[in-house]
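Quick note: the coordinates plus some simple rules give every number you see, no bench work behind them. Everything numeric here is computed off the predicted structure, so don't read it as measured data. Quick reminder, even Gly has a Cβ in these numbers, built from the backbone with ideal geometry, and neighbours come from all protein chains shown.
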Amino acid sequence: MRAAMPRITLATLLKLVIASILVGAAMAYLDVQPIQLWRWLAERLAEIFADIHYYASRAVTYFLLGAVVVVPIWFVIYLWRAIRRKP
């Protein structure tokens, strides 16, 4: 059984109308167009994804640099312990 969607009441519609008028008035006062908001949002999202890509690539680089040193040391210790345990 699917959950029912909440009903849209007259009070909800009235709140939406009032909020829209207030936001529209503020945007007109500040001389901001909706397309400017969408462009700003798209630019911020692009920057966020670019930053994520940059930091992820740096993390992979650091991982590989560290693995070049850590894995051989671990392997030598692993072999050393295996040799010492054999009777």
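Stretch residue 21-residue 4 to full length: gain in nm at 0.36 nm per residue minus the Cα-Cα span?
3.1 nm
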query: If you look at just the Cα atoms of the stretch 10-85, how large are its Rg and its Dmax in Å?
result: 28.1, 81
message: Can you compute 3J(HN,Hα) from phi for each residue in the stretch 37-45, using the Karplus curve 6.51 cos²θ - 1.76 cosθ + 1.60 with θ = phi - 60°, rounded to whole Hz and x for Gly and Pro?
response: 5, 5, 5, 4, 4, 4, 5, 4, 5
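Length gain on complete extension for the stretch residue 44 to residue 73, per 0.36 nm per residue less the alpha carbon to alpha carbon distance?
On the way: separation 29, 0.36 × 29 = 10.44 nm, distance 4.32 nm.
Length difference between fully extended and current span is 6.1 nm.
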task: Assign unit charges at the C-beta atoms only (+1 for Lys and Arg, -1 for Asp and Glu), then state the dipole size of the chain relative to its Cα centre in Debye, rounded to the nearest 20.
output: 880 debye
